[in-house]
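Each remark here refers to the structure printed beneath this line.
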């Protein structure tokens, strides 16, 4: 159970014309312990404790109309480094950057739970009031005793659990923990850019795969060794493509009208799987050079990695004439593409360096 209580503003579900107390407090029984006062309209206001998940993370949901992913989780552990209580903090959506008060990021499930608590409480209170009103009646001769009892079929409480999110990150600027779908652009707490953090995590995973391939191959055979290296080649290109697509989209949203940015994103397709295609798009739409600071030798070497990945994915890892022409390879058609863990480690390093530099230059 989350130890701290966070206010949830909820209007009295009954009419203000009720003959009960103006603040509505007499309508509630179990909820009274959560009531903190009334709002400007005179409706009761409550602070209801919310449950964090097993990792101490609480779900939040962005309300901005243009945000698509919306759901994320933040740490609710006590932290002395925070300038103000989390209740009063400004939260940033990690996907679209929308900033608002903590109270404006409640999830739909959380609101349903609180609403169900209030409705159930009011119905139980009304039942108790009716039972008090129908007191036993006796006639004057005492021959007949009349009584009535009201029972309520109380609505069930809405139960939920926070969604599972695989990507958990600690912000390098403020050291706060949060979880998102895929990657985030901003830290929910401080609003600092976080694309580079996710990029480093992804390239580190590639390095682990490449470094462990030899040891696992010794235990399980050459086929497993080659499969792991092949997956690592695939991951290098996938990381390059996936992150560059996100970087490109974020930069477009900063510099172009929404409809124009959306139209340009739709035209990307598989352009970022090719180095020349990626270079052309960034130069044309963002006026930046992808290979700024990268010499021709390294660019050519990265091109070989991309060609190997293409052959592994689309030609079962077998050399064909197209591969030979592109990389000027000595292997004959039908031979297996040579795989090299050192080459993968180098590729992960240069992809990380290039894209982190691009993030800095674009101010993301």
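A few comments on the model shown:
- Any hit, the range 293-316, residues being without any contact (Cβ under 8 Å) to a residue 24 or more places away in the chain, part of a loop (DSSP other than H, G, I, E, B), assigned by TED's automatic domain parsing to the domain that holds residue 208 and closer than 26 Å to residue 213 by Cβ: yes
- A single member of 179, 196 is at pLDDT 85 or above and under 16 Å from residue 245 (Cα atoms), and it is 196.
- Hey, residue 242 surrounded by 15 or more Cβ atoms within 10 Å (Cβ to Cβ) and out of contact with any helix residue (DSSP H, G or I) (no Cβ under 7 Å at 6 or more places or on another chain) or not: yes
- Failed item, numbered, when residue 184 is tested on (1) in the same structural domain as residue 307 (by TED's automatic domain parsing); (2) closer than 25 Å to residue 94 by Cα: (1)
- Pick from the range 338-364, criterion outside any helix (DSSP H, G or I) and modelled with pLDDT of 90 or more, ranking: nearest to residue 196 (Cα to Cα): 340
- Selection from the range 170-201 of residues that are in a helix (DSSP H, G or I) and closer than 24 Å to residue 67 by Cα: 195, 196, 197, 198, 199
- Any hit, the range 309-330, residues being more than 25 Å from residue 364 (Cβ to Cβ) and in contact with a strand residue (DSSP E or B) (Cβ under 6 Å, 6 or more places away or on another chain): yes
The values are calculated or read from the model by the stated rules, or taken from the named source; none is laboratory data. None of these values were measured; they are calculated from a predicted model. When we count neighbours, we look across all protein chains shown, and the Cβ atoms used for this are built from the backbone with ideal geometry, even at glycine.
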